[in-house]
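For reference, the structure is listed below as structure tokens.
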């Protein structure tokens, strides 16, 4: 069965590692009936990304596409890439990853052999063994995702493929989440995956789908400097008093009512999507923002 894969990469000021990724793609061993393209979305890079990529795009414009997304935020860039992609399987990775030579062939085989497969997560190993073991997924066994805990444990946006029709059904990446967004929480991938899970689409992790993460963080200080990931999230039906807000790292405890000046402009955007994420924040009705110290104080149940 013929199949087309669209690799979508959002890039910001990582021209060197992006070029390494693209060069490694030339070593892919892909069956003749599988076509593939790369959609590179430059999210306002200032390091010469466009000029670095230009020769490759000019040489093979059918295979490689370069787009500029001037609205800052990884989710914005990924959504722009998704709209420009022409494949039925959308393959997401990061601009500091290096693919295994059988990466695309294995993705194509997985989807071709299982028409019910909606999302495929894969293994993420360290490229440089001297780097700290963060943002990797190296579980050895193939796993059908059947719980929320499994979803967050096994899958990561650095190696994630999804059928286009499934992404159409659950919606795009949330532009309020991800690196460079107004909120900044690095969980745009988990947000999307959870919406897929909520709609009961089939999700599988396969260790045979392999990329290497060349993140370059070898010290504790570099790890601590990483953007914050929401430490605890919950799901609820739309509620005008619950908003997508990120708790500032190490700034307040759960039983203190901090001064959140400046946040209402972000907070005054109640979600309309039942399957989206919320931080434990609410308003007391008098205009003062504070952190809810328990789920029960919001009157919400945990799924």
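The values are calculated or read from the model by the stated rules, or taken from the named source; none is laboratory data. For clarity, every value in this text was computed on a predicted model and none was experimentally measured. A quick note on method: Cβ atoms are made from the backbone with ideal geometry, for glycine too, and the neighbour counts reach across all protein chains shown.
When every residue of segment 169-177 is checked against the conditions, none turns out to be without any contact (Cβ under 8 Å) to a residue 12 or more places away in the chain and in the same structural domain as residue 137 (by TED's automatic domain parsing). Taken over segment 38-83, the residue count meeting the criterion of being surrounded by fewer than 20 Cβ atoms within 10 Å (Cβ to Cβ) and assigned to a helix (DSSP H, G or I) is 10. When every residue of segment 5-12 is checked against the conditions, none turns out to be modelled with pLDDT of 95 or more, buried (at least 16 other Cβ atoms within 10 Å of the Cβ) and part of a helix (DSSP H, G or I). Does residue 162 meet the test of being at pLDDT 95 or above and in the same structural domain as residue 20 (by TED's automatic domain parsing)? Yes. Against the list (1) in contact with a strand residue (DSSP E or B) (Cβ under 6 Å, 6 or more places away or on another chain); (2) under 19 Å from residue 172 (Cβ atoms); (3) without any contact (Cβ under 8 Å) to a residue 60 or more places away in the chain, the condition residue 89 fails is (3).
For segment 13-37, the set of residues classified as assigned to a strand (DSSP E or B), within 26 Å of residue 179 (Cβ to Cβ) and in contact with a helix residue (DSSP H, G or I) (Cβ under 7 Å, 6 or more places away or on another chain) consists of 36 only.
Being modelled with pLDDT of 90 or more and buried (at least 17 other Cβ atoms within 10 Å of the Cβ) is the filter here, so list the residues in segment 128-139 that pass it. Result: 137, single match. Report yes if residue 86 is out of contact with any helix residue (DSSP H, G or I) (no Cβ under 7 Å at 6 or more places or on another chain) and assigned by TED's automatic domain parsing to the domain that holds residue 193, otherwise no. For residue 86, the condition - out of contact with any helix residue (DSSP H, G or I) (no Cβ under 7 Å at 6 or more places or on another chain) and assigned by TED's automatic domain parsing to the domain that holds residue 193 - is met. The residue list 123, 148, 142 contains one member that is over 18 Å from the mean Cα position of the chain (by Cα) and surrounded by 12 or more Cβ atoms within 10 Å (Cβ to Cβ), which is 142.
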